[in-house]
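I have placed the structure first, in the form of structure tokens, so that the comments after it can refer back to it.
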Amino acid sequence: MDFSDQNVSVLEAWPKGSVTRCYELKVQTASIAKLCKTSTVVNVNGMYPGPNISAREDDRVVVKVTNRTPYNISIHWHGVRQRLTCWSDGPAYITQCPIQSGQSFKYRFTLLNQPGTLFWHAHISWPRATVHGPLIIYPKQGVSYPFEPPFEEHVIVLGEYWLRDIQDLERHVKESGGGPPSSDAYILNGRPGPLHNCSRDDVYTVSVTKGKKYLLRIINAALNMEHFFGVANHTMTVVETDGEYTKPFNTSFLMLTPGQTYNVLIEADQPIGKYYMAMAPYMPAKNVPFLNKTSYAILNYVTHTKSIASPPTVEVDKLARKSCSRRSMILYEPILPNANDTESVQAFADQVKSLYPNQHWSPIDVPLKIDKSLFFAIGLNVFSCNSSDADRCQGPNGGIFAASVNNITFRRPRVSLLNAYYNNLEGYYSTDFPDKPEKMYDFANEAPNNIGVDTQPAIGTRVSVLEYGWAVQVIFQDTGTVGTENHPIHLHGFSFYLLGTGLGNFNSSTAVLNFYDPPYRNTVGVPVGGWAVIRFRADNPGVWFMHCHQDVHTTWGLSMAFLVKNGKGKMQTLPPPPPDLLPC
């Protein structure tokens with residue numbers, strides 16, 4: 001295969017990285033047997049989850065993606081800040097046209113100042129349910145972790161599994177106007193665990209040796225569900241989240257929204273035996289159907305294990321088949337919070353802080369003077385249904401579900417926004433995305449969707465324009481127009497400082513914000529009926545998607561885009577597109 005990059009038109013100053021690592025991903029369909037049924041799913045390189053892409057900080061990565069399915073596809077490198085490589089970010093119709101059946105496209109980017117656990121996934125409609133995999137970035141050669149090196153590392157990808165074809169499921173949700181049915185199982189590294197039908201042996205197992213320390217890289221790649229995670233009888237020490245080091249803290253559980261990652265250390269300090277690793281749903285929204293069931297993997301103490309070389313390159317599905325030299329009949333279960341335990345979720349989130357303080361010698365650089373302040377009201381809406389077919393009007397009160405930011409439901413354009421911007425194509429988007437809601441009201445307390453306050457959304461492809469280098473603050477406010485819930489908001493092209501979250505309506509005079517050691521994240525869970533405040537510096541030119549990482553909400557329109565203008569000089573200017581950029 002030819003991964004040659006020689007003909008790519010790039011700036012002379014384009015960051016190339018010290019080492020170039022080349023991968024090939026083949027997106028294809030395959031039969032898979034789970035939960036007593038054989039289904040056809042879209043996967044990558046015959047693996048589910050997909051293969052691990054590994055690199056070191058500052059490496060250049062080239063990934064050739066070939067689409068062997070009958071569907072359109074694109075791949076997003078979730079959490080990669082894509083410095084001057086906006087064309088490789090991946091969201092379909094935002095930075096590229098999709099890779100059509102039979103086509104290939106090379107993604108090229110440099111992992112500047114980014115060690116940690118990220119992941120890649122499909123970013124067009126709902127194939128992300130099965131098209132995803134880890135992206136592990138190790139420190140530079142000779143640079144150690146800011147904690148004691150573990151004996152071994154393991155990646156655990158959390159997901160959801162449907163027996164129904166995911167393309168048909170998405171089509172049904174769009175045509176019905178209603179909500180999605182719950183998944184049939186939650187899965188850990190593609191395995192539902194022993195308590196599901198026909199799944200006694202479909203269990204992911206991590207083998208450990210007593211007295212050793214292990215690093216677990218936890219990724220929530222679930223389509224629509226937030227999840228708790230815990231290990232029975234073992235304390236987890238959080239050391240990283242969203243690819244950024246944190247001050248270590250101990251916890252008995254994690255709560256990960258879709259799109260979030262956590263690295264935790266555990267000590268194999270318990271009696272020889274088997275211990276469940278569990279994932280269970282967090283669902284604070286009222287009257288929303290979901291699978292209220294726990295899935296399990298197993299942490300199995302054995303007498304001998306073989307250390308994995310660092311950086312490990314073993315595929316995640318092969319880790320699941322490691323042999324066990326000692327077995328135990330006792331299984332210990334972790335205690336996780338209840339599905340609607342928002343108080344525990346908020347207490348957990350408040351413990352996450354950056355490893356570094358905001359001082360002149362620190363890599364933390366929280367903008368203190370703001371150039372652009374935005375207030376984004378986010379949540380669900382309902383359109384009136386004009387169809388005489390009741391099967392197409394299954395939203396609340398016979399309507400059609402929608403979602404919005406500042407009461408604007410995002411409409412996907414017919415060409416990529418980045419291409420339209422770069423080539424000055426008119427008519428595909430407007431630059432009038434509102435800085436705040438048109439009407440202010442009691443957002444958190446279930447304001448009605450059409451009564452008293454008109455919250456039926458407008459539809460449009462609007463972007464918010466930012467000057468290069470601006471310090472931007474965004475206040476996210478969950479709304480109760482249909483019902484409050486936790487919204488995982490992901491920003492492409494940047495990480496941001498999460499200054500604070502809270503419940504209720506945001507109040508600048510009472511909100512407690514952290515300017516000293518705020519975590520640096522790419523996905524924030526805006527609390528149910530609550531708020532979150534982030535800040536970032538708009539120093540990466542291009543068009544950058546911002547959306548809820550529950551795919552059904554993105555489908556309904558809970559998204560928007562930032563257009564960051566060029567600055568001065570080569571390193572502040574959007575480079576031209578690669579020559580193999582695909583047409584729509």
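Looking at the stretch 169-176, can you tell me whether even one residue there is of a type in the set (Asp, Glu) and over 21 Å from the mean Cα position of the chain (by Cα)?
First pass over the stretch 169-176, keeping only residues of a type in the set (Asp, Glu): 170, 175.
Of the ones still in play, those that are also over 21 Å from the mean Cα position of the chain (by Cα) are 175.
Checked the stretch 169-176: at least one residue is of a type in the set (Asp, Glu) and over 21 Å from the mean Cα position of the chain (by Cα).
Which one of these is touching a residue at least 12 places away in the same chain (Cβ under 8 Å) and either open to solvent by less than 50 Å² (accessible area, probe 1.4 Å) or among the aromatic types (Phe, Trp, Tyr) (or both): Thr431, Thr484?
On inspection, the qualifying residue turns out to be Thr484.
Evaluate the stretch 539-550: report whether one residue or more is surrounded by fewer than 24 Cβ atoms within 10 Å (Cβ to Cβ), among the charged types (D, E, K, R) and not in a loop (DSSP other than H, G, I, E, B).
Checked the stretch 539-550: no residue is surrounded by fewer than 24 Cβ atoms within 10 Å (Cβ to Cβ), among the charged types (D, E, K, R) and not in a loop (DSSP other than H, G, I, E, B).
Kindly list the number of the only condition in (1) assigned to a loop (DSSP other than H, G, I, E, B); (2) open to solvent by 20 Å² or more (accessible area, probe 1.4 Å); (3) more than 20 Å from Asp551 (Cα to Cα); (4) not aliphatic (A, V, I, L, M) that fails for Asn397.
With (1) assigned to a loop (DSSP other than H, G, I, E, B); (2) open to solvent by 20 Å² or more (accessible area, probe 1.4 Å); (3) more than 20 Å from Asp551 (Cα to Cα); (4) not aliphatic (A, V, I, L, M) applied to Asn397, the lone miss is (1).
Any idea which residue in the stretch 314-343 is modelled with the highest pLDDT, counting only those that are under 23 Å from Ile136 (Cβ atoms) and surrounded by fewer than 12 Cβ atoms within 10 Å (Cβ to Cβ)?
That would be Lys318.
So, in the stretch 286-310, exactly how many residues are at pLDDT below 95 and either under 30 Å from Gly395 (Cβ atoms) or in contact with a helix residue (DSSP H, G or I) (Cβ under 9 Å, 6 or more places away or on another chain) (or both)?
Qualifying residue count for the region: 5.
Within the stretch 503-530, track down each residue that is in a strand (DSSP E or B) and either among the polar types (S, T, N, Q) or within 27 Å of Pro363 (Cβ to Cβ) (or both).
Tyr520, Arg521, Thr523, Val524, Gly525, Val526
Quick grid of which residues meet (1) farther than 21 Å from Val42 by Cβ; (2) small (Gly, Ala, Ser); (3) touching a helix residue (DSSP H, G or I) at 6+ places or on another chain (Cβ under 9 Å):
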| residue | (1), (2), (3) |
| --- | --- |
| Gln96 | no, no, yes |
| Lys106 | no, no, yes |
| Gly116 | yes, yes, no |
| Trp120 | no, no, no |
| His123 | no, no, no |
| Thr130 | no, no, yes |
| Pro134 | no, no, yes |
| Glu148 | yes, no, no |
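Return yes when Ala532 is surrounded by fewer than 22 Cβ atoms within 10 Å (Cβ to Cβ), more than 23 Å from Arg108 (Cα to Cα) and in contact with a strand residue (DSSP E or B) (Cβ under 7 Å, 6 or more places away or on another chain) and no when it is not.
Values: surrounded by fewer than 22 Cβ atoms within 10 Å (Cβ to Cβ): no; more than 23 Å from Arg108 (Cα to Cα): yes; in contact with a strand residue (DSSP E or B) (Cβ under 7 Å, 6 or more places away or on another chain): yes.
The answer is no for Ala532.
Looking only at residues in the stretch 400-428 that are of a type in the set (Gly, Ala, Ser) and without any contact (Cβ under 8 Å) to a residue 40 or more places away in the chain, which one is least open to solvent (accessible area, probe 1.4 Å)?
Ala420
Can you confirm whether the stretch 545-563 contains a residue that is at pLDDT 95 or above, over 20 Å from the mean Cα position of the chain (by Cα) and of a type in the set (Gly, Ala, Ser)?
Going residue by residue through the stretch 545-563, those that are at pLDDT 95 or above are 545-563.
If we keep only those that are over 20 Å from the mean Cα position of the chain (by Cα) as well, we get 563.
Remaining after also requiring of a type in the set (Gly, Ala, Ser): none.
Among the residues of the stretch 545-563, not one is at pLDDT 95 or above, over 20 Å from the mean Cα position of the chain (by Cα) and of a type in the set (Gly, Ala, Ser), which makes the answer no.
Taking the stretch 346-382 on its own, how many of its residues are under 20 Å from Leu558 (Cβ atoms), of a type in the set (Val, Ile, Thr) and within 22 Å of the chain's Cα centre (by Cα)?
Of the residues in that region, 1 qualify.
Under 20 Å from the mean Cα position of the chain (by Cα), of a type in the set (Asp, Glu) and more than 15 Å from Phe376 (Cβ to Cβ): is that true of Glu485 in this structure?
yes
Results for (1) closer than 14 Å to His553 by Cβ; (2) part of a strand (DSSP E or B); (3) hydrophobic (A, V, I, L, M, F, W, C), shown as yes or no for each residue.
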residue: Phe401; (1), (2), (3): yes, yes, yes
residue: Ser404; (1), (2), (3): yes, yes, no
residue: Arg414; (1), (2), (3): no, no, no
residue: Asn419; (1), (2), (3): no, no, no
residue: Gly427; (1), (2), (3): no, no, no
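The values are calculated or read from the model by the stated rules, or taken from the named source; none is laboratory data. The structure presented is a predicted model; accordingly, all values stated were derived computationally and were not measured. Every residue, glycine among them, receives a Cβ derived from its backbone with ideal geometry; neighbour counts consider all protein chains shown. Note: areas computed on protein heavy atoms with side chains; ligands, DNA, RNA excluded. Shrake-Rupley method; radii C 1.70, N 1.55, O 1.52, S 1.80 Å.
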